[in-house]
Amino acid sequence: DQQVKQNSPSLSVQEGRISILNCDYTNSMFDYFLWYKKYPAEGPTFLISISSIKDKNEDGRFTVFLNKSAKHLSLHIVPSQPGDSAVYFCAASDPTNAGKSTFGDGTTLTVKP
Amino acid sequence: KAGVTQTPRYLIKTRGQQVTLSCSPISGHRSVSWYQQTPGQGLQFLFEYFSETQRNKGNFPGRFSGRQFSNSRSEMNVSTLELGDSALYLCASSGFAGGSKTQYFGPGTRLLVL
């Protein structure tokens, strides 16, 4: 059972527009949700996170929204830049599973100039 | 603030040998997790240490072990290396900032087993 799902394998947007990356989860025990950016053959780069007790967190061009009732979160990137092109992973941590982040399969974002 | 550092960055070993990888977390972070990254399997959780104690372990054989020191630096050891152990090994340092959790990955150690 995949507890964290990113149903869109890819997303293409125009430079300057908004990118919206989605993530769904099933485990109601998750207490933090994290977003990462990743390039091939490299480790993930932490972008932003949100606590399960909040519904929004913002950091510069990145905003994460959490809808606990729908078990859904999204990452908004505004404005999108060509350098944002990468694979984006959402991950979740469970306090009963110390130190382990459960990752989604990733969404490949392409930002076209 | 310095990021997560891992040494060595690259390593070539032969089957049957053992290897020790090192990770220095971000200053102030006490939690260090280790992951194995392969093209086919993605990120696989190995184990997590907090204040010198292993709190969690993934589904890897006993050949994979680790430890954490009092300064939060962590080492991972793989004994009796197999070809399938070739991978990028990542450590992640976790803490809290701005009311939320942060988890930063190091650049990884790329291990090739011949």
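Of note:
- The criterion of at least 3 residues that are open to solvent by 50 Å² or more (accessible area, probe 1.4 Å) is met, among strands (runs of 3 or more DSSP E) falling completely within segment A:41-80, by A:56-59.
- Any hit, segment B:28-46, residues being open to solvent by 70 Å² or more (accessible area, probe 1.4 Å) and within 25 Å of B:Ala97 (Cβ to Cβ): yes
- Selection from segment B:15-27 of residues that are part of a loop (DSSP other than H, G, I, E, B) and either open to solvent by 70 Å² or more (accessible area, probe 1.4 Å) or within 13 Å of another protein chain (Cβ to nearest Cβ) (or both): B:Arg15, B:Gln17, B:Gln18, B:Pro25, B:Ile26, B:Ser27
- Filtered residues of segment A:65-112 (kept if of a type in the set (Val, Ile, Thr) and more than 18 Å from B:Lys101 (Cβ to Cβ)): A:Ile77, A:Val78, A:Val87, A:Thr107, A:Thr108, A:Thr110, A:Val111
- Going through (1) more than 11 Å from chain B (Cβ to nearest Cβ); (2) open to solvent by 50 Å² or more (accessible area, probe 1.4 Å); (3) over 10 Å from the mean Cα position of the chain (by Cα) one by one, A:Val111 falls short only on (2).
- Some residue of segment A:4-26 being open to solvent by less than 70 Å² (accessible area, probe 1.4 Å), aromatic (Phe, Trp, Tyr) and in contact with a Leu (Cβ under 7 Å, 6 or more places away or on another chain): no
- Within the option set A:Thr102, A:Thr26, A:Thr108, A:Thr45, being of a type in the set (Val, Ile, Thr) and farther than 24 Å from B:Leu88 by Cβ holds for one residue only, A:Thr26.
- Filtered by the rule that a residue be more than 11 Å from chain A (Cβ to nearest Cβ), within 12 Å of the chain's Cα centre (by Cα) and assigned to a loop (DSSP other than H, G, I, E, B), segment B:62-114 gives a lone residue, B:Arg73.
- All positions within segment A:20-61 that are more than 11 Å from every other protein chain (Cβ to nearest Cβ), over 11 Å from the mean Cα position of the chain (by Cα) and of a type in the set (S, T, N, Q): A:Thr26, A:Asn27, A:Ser28
The values are calculated or read from the model by the stated rules, or taken from the named source; none is laboratory data. Being a predicted model, the structure only gives us computed values, none of them experimental. Backbone-built Cβ (ideal geometry, glycine too); neighbour counts: all protein chains shown. Heavy atoms of the whole protein, side chains included, go into the accessibility calculation; ligands, DNA and RNA do not. Shrake-Rupley method; radii C 1.70, N 1.55, O 1.52, S 1.80 Å.
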